[in-house]
Amino acid sequence: MTEIDLYDYCRLPEPKPRGRPVADDLFDWRVTDDWPEDVPVTPEEVDVFEAWFGDILEELFGPEGSDRA
């Protein structure tokens, strides 16, 4: 009579490699830029940007309408 292993479906997972992955060779990488010289921005996009980053912009550049030389 053949012995049946009822736990043969339960295999331990392969161990994951530790540490950082091997870096790609960046020698052959090329960066291209196909953006136009001037990128159009709608007033609504400016409003959203000011709503989220207005405090930071004022901290960096001063309040809106202030004369900075």
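The values are calculated or read from the model by the stated rules, or taken from the named source; none is laboratory data. These numbers were taken from a predicted model, which means no experiment stands behind them. As a convention, Cβ positions derive from the backbone with ideal geometry for all residues, glycine included, and neighbour counts pool all protein chains shown. The area values use the complete protein model at the heavy-atom level, side chains included, leaving out ligands, DNA and RNA. Shrake-Rupley method; radii C 1.70, N 1.55, O 1.52, S 1.80 Å.
Laid out as a table, the results:
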| read-out | value |
| --- | --- |
| Residue pairs meeting the criteria (Cβ under 8 Å; at least 6 apart or on separate chains; first without any contact (Cβ under 8 Å) to a residue 12 or more places away in the chain, in segment 36-51; second part of a helix (DSSP H, G or I) and surrounded by 10 or more Cβ atoms within 10 Å (Cβ to Cβ)) | 50/57 |
| Matching residues, segment 11-28, being at pLDDT 75 or above and open to solvent by less than 100 Å² (accessible area, probe 1.4 Å) | 19 |
| Search result, residues across segment 29-46 that are in a helix (DSSP H, G or I) and surrounded by fewer than 10 Cβ atoms within 10 Å (Cβ to Cβ) | 43, 44 |
